[in-house]
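Below is one structure; the comments refer to it alone.
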Amino acid sequence: MDDIVDRHPAPRSSPSRVLPVLLFFLLMGAVWSDPLLLRRNFAGRDLVAYNLPMEKVVHDAYARGRFPLWVEGVSGGRPVLPNPNAGAMYPVRMLFAVLPFPFSAKLFTVLHWALAGIGVIVLLGALGVSRGAAWMGAVTYAFSGVAVSAVFFPHIQPGMALLPWIVWALIRPSSFASKAFLLSALFTLDILAGDVFTTGFAIVACLVWIAAGAAPGHRGVLLILLSASLGLAVLAGLPQILATMLWIPETNRAVTGVTWREAFEFSIPPRRLLELVIPYPSGAVWTNDHTAIWDRELYPGKFMGIFLTLYSGALALIAAVTSWNRRVPAARLGKWLVLLAVVVSVPPALLPVSWHDRLAPVALRNPEKFAVVLAFGLSLLVGAAWDDLRARARLPAWILRAGVGLAIVAIFAAAAPKVAGRIAAAAAHAPAGLEAMASRELPPALAEAALLWIVTCVGLDRIRAKRRGAVLAGLVLLTAVPIAATRRIGWTFREDEVFAPPAFVRFQQKRDPQGQYRALGEMIYRPPGELEKTEAGNDLGFLEIVRRNFAQHSQVLWGRGAVFNADFDNGDLSRIQSVRRISGVASEFPDGGPFFGSFSLRWGLRYRDQAPLPGYARIGGTGRDDWDENPEALPDIRLATGWRETPDAVAALSQLSKLPLGHIVVETGRSSEGTAPAGQVRVLERSPERVVLETEASAPTWLFVLRGFWSHRVVRLDGREIEVFPAQLAFSAIPIPAGRHRVEWEESFPGWNVSRFGPVLYLAAIGALFAARGRPEDDNAPS
């Protein structure tokens, strides 16, 4: 019975197939009823700092009926849609644009958790396991520490949800044409979602199935099917693919490269595999409280990984051991995925220090993301082990012994916490000062692990009973274990705590209602003072700090902008990084005010115990912050009163810090300079995608626009397309003749003139496949 045979399981009735799906939706709604039913939203970590602002940019663009091509409030303006991290063409984001953004943001997350679990139910059902096995596989995946931690990374969630569905589409029995259509459609969604890693995971999972799960006689056909489906998906996803390919060469990541340190910063150190047994061995990482995390050598300079824990429930580890050598399809596929995930994500953490500063050959980062494959593989092993464990006369003795052993260790740690702390700190090579913290955090972590393991043992004992009530009780206990461990990861806050504009933003909205100026997070140029350190220790959700500081992306939530914010995703256009470096030098010079003013940085924010930057003076504040103003700041769209033309970027860079107020440097390919009387600019229409304005000048001059310089836009002067030149090294300018003129500025969809034919060719190819009416190629394929 353990051999793979060329037959399908007996078909189930419709109610039998639908009931687990409906129950899983209800379970998901019950577990996450807090954000779904109340005015509360997920927040913390990267959400407010980066992901929610970018999600809002995409949401608002589709709500206006436009593609999300541009964001004005980040790095002085940069492209959105070409950046795959935005997932701007993912259809669910388009559909959710009709909903209020706070609700759409939380629904997006819960929906993809539900789809991930239901995908596992459908996949395991196709692999021939029972409904109980499929249910527990879904719970293992959707409530794993990896899946729940993805709440902070919406760009990972679609690919994670699509992964089981893609494998199911490959193995389901149907004709070649219908398989190619469904598989290519799912791969297209994965491409449009934008996360390269999860798309790669799906391809790898399909290849693993073909190699380890499919019958030998069908492997060649399945390889052809997979290749054809990927080719079709490339056609359908060509608009996103080509836009990204045109964007990458102009990014900072492509120009400067990525070191091995950056590429492998988030890998999985071997001792993190303890999290498969102990959910939080290094401390209460879910609190984001640095005083609760003792194993700080895991990620030097950071307190946690991408995923807060690898824990998927005690049943996941038990299933991995008991089903490892079984030859049923779910076990074979799950085993190889687990092995692959460990092999790819753990060794990078062991990279020699001498390699850290070398350039990596590919500008991709964070092998820890392969933990998604680990969680998926464990969920399949749970499905493979469930029916076998239920059928056994008795459970393997080692399961209970392991639980007793965990309990003994937990009791010892509680009875002798100092000894336990010293042992753990020594094993982790933690600094001596962290022993006391380990002594405090280890006993409850071990106690939790022991309790969850024992509950799992009880649940496994119950499911082997003959009575339906006992089986149901066991199923409930086993379902509760991963939920109890990982539910706390999904921090929620009141909606107003996340989305209501801070006082500094309300001040800007009042003083600058048209949004002509940007704000500077001055604290990034000053050493942290006591106020900042105190707030960092108390702001356990990493929420209020990033809402106010204008050093990340949060200002986009309220329609405000920054220029020298952090490049959170290495997605800035390369030129802005050079200007950002100069800004650090300008912050040290007494006459640096005009430099910041030339980038429309009128407003500044700092902690009260920090000195203001040159050119800035206090005009208000709160008990913690000072608000500053640079009166020399110029509007973000203006006519220059003077300019210097240079032949290239190097020459422009040398001139940038020497310019008088109101002057700009423009890269025209020649050396020249000029002046002009002040002119007027009247903005008629303004959105991220389109600006229309009128200029009036008594002499020829230049129109400066604080939008990152790049190649994919169309600017018309009085209806005639005109060339845009780099100005202030990173931004844009066009020549303006004397007199009154109309300027229409439109951001373009990179590569659209070519890529729009990709979806058309995709539909034509699918139509041709169905028209061919080929006979089913794998009606007897293993399932």
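The values are calculated or read from the model by the stated rules, or taken from the named source; none is laboratory data. Because the structure is predicted, anything quoted here is derived from the model rather than measured. With ideal geometry, Cβ positions are generated from the backbone for all residues, glycine too; neighbour counts draw on all protein chains shown. These accessible areas exclude ligands, DNA and RNA; they are computed on the full protein's heavy atoms, side chains included. Shrake-Rupley method; radii C 1.70, N 1.55, O 1.52, S 1.80 Å.
Computed quantities for the displayed model
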| item | result |
| --- | --- |
| FRET efficiency for I408 and I619, using Cβ-Cβ distance with R0 set to 56 Å, rounded to 0.05 | 0.30 |
| Spin-label zone in segment 90-127 - amide nitrogen under 17 Å from a point set 7 Å from the Cα of L38 along the C-beta vector | 103, 106-107 |
| Kirkwood-based Rg to Rh ratio, segment 72-198, C-alpha trace | 1.02 |
| Accessible area in the full protein assembly, largest first, 1.4 Å probe, for I423, I241 | I423, I241 |
| √(5λ) per eigenvalue of the Cα gyration tensor, segment 231-337, largest first, Å | 33, 27, 12 |
| Using a Förster distance of 51 Å, the FRET efficiency for V98-V419 (Cβ separation, nearest 0.05) | 0.30 |
| Local electrostatic count, T701, Cβ distance below 15 Å [Lys/Arg +1, Asp/Glu -1] | -1 |
| V18 versus L761: modelled label distance in nm, points set 7 Å from Cα along the beta carbon direction | 4.1 |
| Whole-Å distance, taken between Cα centres, linking segment 590-623 and segment 112-181 | 51 |
| Which listed pairs, of K56/K510; K335/K466; K335/K369; K302/K335; K56/K369, have C-alpha distances above 26 Å, in listed order | K335/K466; K302/K335 |
| Dipole of segment 315-430, positive end: most advanced residue of H429, S354, P396 [Cβ charges, Cα centre] | P396 |
| Simple Cβ-charge dipole of the chain, Lys/Arg +1 and Asp/Glu -1, about Cα centre, in debye nearest 20 | 2380 |
| Helix runs (DSSP H) in the chain reaching 20 Å along axis by Cα, Kyte-Doolittle at least -1.0 | 14-31, 101-126, 157-171, 176-193, 219-236, 329-345, 371-391, 397-415, 435-463, 468-486, 757-772 |
| Accessible surface of M28 - all protein chains present, 1.4 Å probe, nearest 10 Å² | 0 |
| Rounded to the nearest 10 Å², the accessible area of T287 at probe 1.4 Å | 40 |
| Evaluated at q = 0.17, 0.21 Å⁻¹: base-10 log I(q)/I(0), Debye formula over Cα of segment 596-734 | -0.97, -1.27 |
| Segment 61-147 - convex hull of the alpha-carbon atoms, volume per residue in Å³ | 131 |
| Cut-off under 5 Å, modelled amide H: who pairs with I736 long-range | T701, W702, L703 |
| Residues in segment 178-215 reached by a label modelled at V221 [backbone nitrogen below 19 Å; 7 Å Cα→Cβ] | 178-184, 206-215 |
| Global form of segment 624-695, assessed from the alpha-carbon gyration tensor, a/c cut-off 1.5 | oblate |
| Residue among G145, L162, P173 farthest towards the positive dipole end of segment 122-268, charges placed on Cβ | P173 |
| Förster radius 35 Å - calculated FRET efficiency between A426 and D461, Cβ distance, rounded to 0.05 | 0.40 |
| 222 nm mean residue ellipticity, helices alone, for the chain (DSSP H n ≥ 4; -39,500 (n - 2.57); rounded to 500) | -14500 deg cm²/dmol |
| Selection from I463, Y311, T479 lying farthest towards where the dipole of the chain points positive, charges on Cβ | I463 |
| For V74, residues with placed amide H under 5 Å, excluding near neighbours | A562 |
| Scattering profile of the chain at q = 0.06, 0.07 Å⁻¹ [log10 I(q)/I(0), Debye over alpha-carbon scatterers] | -0.42, -0.57 |
| Amide H within-cut-off set for L601, under 5 Å, with H built and near neighbours excluded | R518, L634 |
| Heavy atoms of I411: accessible area, 1.4 Å probe, square angstrom to 10 | 110 |
| K533, K510, K179, ranked by accessible area, largest first (probe 1.4 Å) | K510, K533, K179 |
| List F101, F770, F568, ordered by accessible area with a 1.4 Å probe, largest first | F770, F568, F101 |
